[in-house]
Number of protein chains: 2
Amino acid sequence: MPDLGALLWPRTVALVGASADAENLRGRILHVMKGHAFDCRLYPVSRSSGEVMGLKAYPSIADLPEAADLAVIIIPAKHVPEELERCGKAGVKSAVVLSSGFAEASGDAGAGMQAEIRAIAKRYDMAVMGPNSEGFANTANKLCPTFSPAMEAGARPLLPPGCPRGQLAVMAQSGGIGFAFFDHGRAKELSFRYIVTTGNEACLEALDFADFILEEGKTDALLLLLEDVKSPDTFRRVAEKALRAGKPLIVNKIGQSQAGVRAAASHTAALAGEYAAYQAMFQRYGLIEGRDLGEMVDIAAGFLAWGARLPLGRRVGICTASGGGGGWMADACTAAGLEVPELDGDTRRRIDEHLPAYGTSQNPVDATAQAAAKIGYAGLAGLVVPSPAVDGIIVVMTARNPHNLERQKEALARLAAETPKPILMWSYTLPAPRSVEILSEVGYPLYTGLQTCARTMRAMADYRALRERFLRPIEVRSTFVPDRAAAGAALAAADAVLCEWEARPILARYGIGSNPVGRLASSADAAVAAAQTIGGAVALKVQSPDILHKTEAGAVALGLASAQDVRGAYARVLASARQHVPGARILGVLVQPMAPPGREVILGVKRDATFGPLLMVGLGGIEVEVLKDVALAPVPLAPGEARELLARLKGAALLEAHRGKPPADVDALVELMVRLSHFAADHADAIAEIDLNPVLVHEQGKGASVVDALIVKAQIPRKGGGHAT
Amino acid sequence: MPDLGALLWPRTVALVGASADAENLRGRILHVMKGHAFDCRLYPVSRSSGEVMGLKAYPSIADLPEAADLAVIIIPAKHVPEELERCGKAGVKSAVVLSSGFAEASGDAGAGMQAEIRAIAKRYDMAVMGPNSEGFANTANKLCPTFSPAMEAGARPLLPPGCPRGQLAVMAQSGGIGFAFFDHGRAKELSFRYIVTTGNEACLEALDFADFILEEGKTDALLLLLEDVKSPDTFRRVAEKALRAGKPLIVNKIGQSQAGVRAAASHTAALAGEYAAYQAMFQRYGLIEGRDLGEMVDIAAGFLAWGARLPLGRRVGICTASGGGGGWMADACTAAGLEVPELDGDTRRRIDEHLPAYGTSQNPVDATAQAAAKIGYAGLAGLVVPSPAVDGIIVVMTARNPHNLERQKEALARLAAETPKPILMWSYTLPAPRSVEILSEVGYPLYTGLQTCARTMRAMADYRALRERFLRPIEVRSTFVPDRAAAGAALAAADAVLCEWEARPILARYGIGSNPVGRLASSADAAVAAAQTIGGAVALKVQSPDILHKTEAGAVALGLASAQDVRGAYARVLASARQHVPGARILGVLVQPMAPPGREVILGVKRDATFGPLLMVGLGGIEVEVLKDVALAPVPLAPGEARELLARLKGAALLEAHRGKPPADVDALVELMVRLSHFAADHADAIAEIDLNPVLVHEQGKGASVVDALIVKAQIPRKGGGHAT
């Protein structure tokens, strides 16, 4: 791995393509950089002038008085590869390529040049960011090699003055949005240590920088805007490192609305699009998804302030001087999945001493304007903090008038230092800038949005819970020992699509689908005989690798009780199948006992192009396709993870006891999920899609039946590079 | 109705309780009022001084040189009734009571005084706002009788200077939040005509003011924060007036998370809480729900700018200079239920002429920073406007630098004047205040949140569609003519709870449940005989007004095919019922043919305490209780409204054709909904709850079967008053 330290912390910087003309991007970089007292030696490289903005300029990177740690390159795309080659020869350790016109451009030329960049970087072991990057900022040494207007020197210094605070880092492919995080967050008095915009990511991707920053250990939360993940292994490694360190990754994946895989053979693949795979990975590693720029910054602010005192649960106490504001916040908390429980009697008695008759200590604690003015926000919140009924506190306030907060500053600082529970502030009026400063100085994030305030509390509680589970020792997996080699060999020998009759013996090696399989019949007489041997009502299913959706093809008949029924159905399903898919290869007709009733579940596996196999579970037969109530996770799964996956379904309660109906055999379902997840993990390269649809989960203690199965083998897909602007 | 004009537009104002001490609320009112050059005569009334802040003060309202149009009263609660009486005698036409300590206080004294206020107001036909109001503001005559800090004279005038724009009004019970809308909106250069905070609403409620403001006709959108609705008739009348006039009501109902009715006999009542009733009314009349202060202001800003050119559909064209920003906005639009379709070829060709190779005209149109700088935001948006593929345009931009916008101002103004489609601007960086001004001056709302920008476009499209449907002539209702009188008489004669056997004949008067009812048996022999007469498999159901949930009570047996089965089940269901509810009155056991299969639906009616009977529909048997996928609407319903209600269900597609399964008989379901809605409307006072659960909707053309029915009669509930702070 090349040296990212040379890139982010260079002692010497060459600016290749330097210009004094602040009207173009080339000139703006120098203008932005010089606005801050950066702590390194800067050498402009210019073919046309010997001096740029008062600095001696050099005609070539080769002419510098010393080898640069970092070359910042902004010259026409077509010259970039040769320049980078020159940098390599001159011993330059790293480069940021801001030029555009590479893989993001139409045509092949740009992509070709981008490949050249990758090759040159590799040859010289150079750390290369971009191309099509907007540069970066390192506020600790005040270095801002970027043309982003957000980093121009202005009224505000790069870092909030005064007491040191927790620090943020931003990693984004998009330069415009990357620096916009700084713009939003700096206005909230947040400290940013790095803003890194990685552009097309020809060599280094956002997560490589996250890795460096986590190793450095001086950043407390990371904002991540992803257009794609190029190296899933890096993702897994960095995400796990962040979670172990308790440094939250707050993320948005752009391109959520992109259509998923167009041609999916299985229902699982149709339901599990690209974004669903990202979500599964985010949920696995506790990444926190934000839906808006401001929301992501707000969530980060909560973690910066309270990272060491995250809420132990989802119960919130709300203090307010405005009944309307408190009620609205209670609604927002409930909508965010938080609870607003009534406070305990002791706490209420302590609060009531301070309230007039028209206040209430229930929760929200409505102190009324008069009492709130008398005891102050800190006094009010401090009365709620000790309540055993709540895990965090939200103060509804108005930060319009900074004088009011100035008076309370000391009390607020004391409370922030002492409280074991996080306290968030929501101002229903727009805050004065000085109010934001005061609250930031004493340690409180200030919210102007109800939703983001409540969502932040929820995210903090969930992050703590997920991290604690993650750090717990891994539970013992299923005791079943699969015959991995036999399954692998059978898979290797099979054709591209395995219908139920072909898939079942392979799945059985993993103990999947132990319910009676039935018999394959190739004549009506054989079907009738099979049905008689089986006894009771049977199902007939045409077995063909060319007919994936048997129900639509009319290739299934259920509940056949008599020999006559079986005979009639045999002819019917075959005719229907042949009509539906002319020329289909037909292995025979499977005669199967009818499964006992149970809750319908779909279990499946989909090999995601980026992250590999994911297990999917959904409830409810055809409802799953309409309501799309499914959950995904990377494989393999431990039983506890399988349970959590089930809990994530909106219809999870359908598995519980209901109106006299006993609960479903969730243990059996979990065991099935675990086994399937191991099957998928062990044969990741061989499998594209699996459907067990439906699985019938019987009453508690009665197991689960796999009623149909389908495996689609992988034609190992490859993923291309992305781009950003 | 008393004269609200005297209250909002007084020529003479008495301030009762006036004080020069700006440290207390009494003094702050005068301080706030005098900050603006209000256009009326002001008379302080003070017992203790002859002069207040340079104005001659009077010892009593009776001593004024002329009768005041408006008395602003801020004296201790206990003196308010006598003072109001004095006002009435002195010929004062209206009053705002800012004092607290009435119905919002614990104990009965406050509520008693509030009742006195109501009585006095009625006696003198005085328009009374409050008590516990925070006053109001009328910016047109610069009158701000309030102690809200948000209305203090400051750097900004009450109204944005320059060109006249569309105007907003705010109505809220909560003073703090009411004026916070102004605080947020004024910072976005929006014009507010009125801010009205109604407090406890002893006499006048928020909607009365909305009515006045709609009649006046100078306000283009209304922001409404409701804690409750006191007069549902006023709600209906005002909501319809607003919709007809095309003046959107943007609303939040506080108290959404309140528990619904605790003890509900029917599933419908358990599923349809108080907030659900509000939502049903909002949806009926096109009120737009906002979830956050800022969001409501943002939605209003969209309507103020584009109210006359609302989008004809949900298709959005996005223009951007930042690929990341455009992609993120596309995600936000999709999440908001908008479409981001590829643009048509002609439009793309026109755009492509301006783009470099690394831009794209697909949609989002990513012009790249270079091209965007050259042709400008107006140029870019102007290229997308004519595309037949889109109904509205969102421009992704940065409003950080006002000079940039200043240069484009003329082009932007021209585009705003000419475009037939709305154009919203989202700035990913925080805008300079001057940028907001410039865009406001030329007619564009500026968004800093992705979500609210997208949601505004969606709300505008939905509002237009709903309003156009609403204004269309009413379709002919069901041709079935019910026997209203017979049903009413039977209802009147019935006990409090009607089990299926009792409910069915009454429902049949409205053509509800025409499928075979079966026979009531009071012995096993009778049951067997009934089953034989019916033929085929039957169901047995114990009929008792004391057993509402028969399945849980084991009081139902299904699919009984033989005499032996019927006999055994008869004993079993009766024993089980008697064990479940000892002493239950049992009418007999209903022997019913098994209904043919169909999609399970729950239909119900719930009489909401505020809005009266609402029809509820949900899909999916027990799933409805887990997923709570239900929709409600006020009754009666026209067929088109019933269809829209069905479309609102998340699982609506379950009624469609699916995988070879024919579609459900939606026409039959709609007819059933219409009939039930008329039954509920015709007998609104007599009915508390109705469950038709389940209704089985058969395949298209095969009708629907009502499989169970329950009616709970009303014990006419009354609703108390609310309060606000």
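The values are calculated or read from the model by the stated rules, or taken from the named source; none is laboratory data. From a predicted model like this one, the values you see are computed outputs, not experimental measurements. Cβ: placed from backbone, ideal geometry, glycine included. Neighbour counts: every protein chain shown. Just so you know, the surface numbers come from the protein's heavy atoms only, side chains and all, with ligands and any DNA or RNA stripped out. Shrake-Rupley method; radii C 1.70, N 1.55, O 1.52, S 1.80 Å.
A few comments on the model shown:
- Placing +1 on the Cβ of every Lys and Arg and -1 on the Cβ of every Asp and Glu, with nothing else charged, gives the stretch B:481-537 a dipole about its Cα centre of roughly 180 debye.
- Position B:LYS702, label points 7 Å along Cα→Cβ, spacing to each other copy in nm (shortest first, one decimal): 2.6
- In the full protein context, the stretch B:305-456 carries 35 Å² of accessible surface per residue, based on a 1.4 Å probe and ignoring ligands, DNA and RNA.
- Converting the Cα gyration tensor eigenvalues of the stretch B:110-265 into ellipsoid dimensions via √(5λ) gives semi-axes, longest first, of 27, 19, 16 Å.
- Legend: residue pairs B:LYS78/B:LYS247; A:LYS550/A:LYS713; A:LYS188/B:LYS628; A:LYS188/A:LYS628, Cα-Cα distance threshold 30 Å; pairs beyond threshold, B:LYS78/B:LYS247; A:LYS188/B:LYS628; A:LYS188/A:LYS628.
- Under-5 Å amide H pairs with B:MET397, H placed in peptide plane, nonlocal only: B:TRP426, B:SER427, B:TYR428
- Entry note, the stretch A:1-135: relative contact order of 25 percent, from Cα contacts under 8 Å with a spacing of 6+ residues.
- The radius of gyration of the Cα set in the stretch B:380-428, together with its Dmax, comes out at 11.2, 33 angstrom.
- Between the stretch A:187-223 and the stretch A:416-479, the C-alpha centres lie 21 angstrom from each other.
- Relative packing of B:703-709, B:348-354, A:495-501, which averages over residues the other C-beta atoms within 10 Å, highest first: B:703-709, A:495-501, B:348-354
- Inter-copy label distances at A:GLY54 (7 Å, Cα→Cβ; nm, one decimal): 5.1
- Hz values of 3J(HN,Hα) by residue in the stretch A:350-355 - Karplus curve (6.51, -1.76, 1.60), Gly and Pro given as x: 5, 6, 4, 4, 9, 9
- Mean separation of Cα contacts under 8 Å (6+ apart) over length of the stretch A:586-709, as relative contact order %: 32
- Given in Å, the Rg to one decimal and the Dmax to the nearest whole number for the Cα atoms of the stretch A:63-103 are 10.3, 34.
- Partner aspartates and glutamates whose Cα lies under 13 Å from the Cα of A:LYS650, excluding those fewer than 8 positions away in the same chain, are identified as A:GLU623, A:ASP629, B:GLU623, B:GLU625, B:ASP629.
- Karplus (6.51, -1.76, 1.60) ³J(HN,Hα), θ = phi - 60°, over the stretch A:627-632, in Hz, Gly and Pro reported as x: 8, 6, 8, 10, 9, 10
- Alpha-carbon spread of the stretch A:570-710, three principal axes, descending order, Å: 45, 43, 26
- Other-chain or far-sequence residues with amide H under 5 Å of A:ARG41's (modelled H): A:THR12, A:VAL13
- Complex-versus-alone comparison for the stretch A:630-661, residues with a loss of 10 Å² or more in accessible area, probe 1.4 Å: A:LYS650, A:GLY651, A:ALA653, A:LEU654, A:HIS658, A:ARG659, A:LYS661
- Most to least packed among A:379-388, B:675-684 [average Cβ atoms within 10 Å]: B:675-684, A:379-388
- Once Rg and the Kirkwood radius are both taken over the C-alpha atoms of the stretch A:54-172, their ratio Rg/Rh works out to 1.02.
- Rg over Rh [alpha-carbon atoms, Kirkwood Rh] for chain B: 1.06
- For the stretch B:38-98, the spread of Cα coordinates along the three principal axes comes to 28, 23, 20 Å, biggest extent given first.
- Distance from the stretch B:8-60 to the stretch B:75-137 (C-alpha centre basis), Å: 18
- Chain A: relative contact order in percent, alpha carbon pairs under 8 Å with at least 6 residues between: 10
- Each principal axis of the Cα cloud of the stretch B:421-524 was evaluated for its coordinate range; sorted largest first, these ranges are 84, 36, 25 Å.
- All C-alpha pair distances within the stretch A:549-593, sorted into 10 Å bins from zero, spread as 28, 56, 15, 0 percent across the bins.
- Share antiparallel - DSSP beta bridges, chain B, percent rounded to 5: 50
- Ranking B:ALA67, B:ALA121, B:PRO149 by Cα position along the charge dipole of the stretch B:67-152, where only Lys, Arg, Asp and Glu carry charges on their C-beta atoms, puts B:ALA67 farthest toward the positive end.
- Copy-to-copy label distances for B:LEU471, where each label lies 7 Å from Cα along Cα-to-Cβ, are 6.2 nm in order of increasing length.
- The separation of the stretch A:590-631 from the stretch A:304-326, counted between C-alpha centres, amounts to 39 Å.
- When B and A come together, around 5600 square angstrom of accessible surface is lost from both chains combined, probe 1.4 Å.
- Computed over the stretch B:395-456, the convex hull of the alpha-carbon atoms projects to a mean area of 3.8 nm².
- Across the stretch A:608-684, Cα-Cα pairs farther apart than 18 Å form 43% of the total.
- Legend: P(r) of the protein assembly as shown from all alpha carbon pair distances, 10 Å bins from 0, whole percents, reading 1, 7, 13, 18, 19, 17, 12, 7, 3, 1, 0, 0.
- Set of aspartates and glutamates near B:LYS34 by C-alpha distance (under 14 Å), chain-local residues within fewer than 8 positions excluded: B:ASP21, B:GLU152
- Within chain B: Cβ-based charge dipole about Cα centre, in debye rounded to nearest 20 (Lys, Arg +1; Asp, Glu -1): 420
- Using alpha carbons only: equivalent-ellipsoid semi-axes of the stretch B:1-79, gyration tensor based, whole Å: 19, 15, 13
- DSSP beta bridges fully contained in the stretch A:353-500 are about 10 percent antiparallel.
- Legend: residue pairs A:LYS142/B:LYS374; A:LYS661/A:LYS702; B:LYS218/B:LYS409, Cα-Cα distance threshold 23 Å; pairs beyond threshold, A:LYS142/B:LYS374; B:LYS218/B:LYS409.
- 5 angstrom amide H check on A:ALA95, placed H, neighbours 5+ away: A:ALA71, A:ALA127, A:VAL128, A:MET129
- Sparsely packed GluC sites (Glu not before Pro) within the stretch B:65-120, loop by DSSP, other Cβ within 10 Å at most 16: B:GLU66
- Label point of B:GLU353 set 7 angstrom out along Cα-Cβ; within the stretch B:376-398, amide nitrogens under 16 Å from it belong to B:376, B:379-387.
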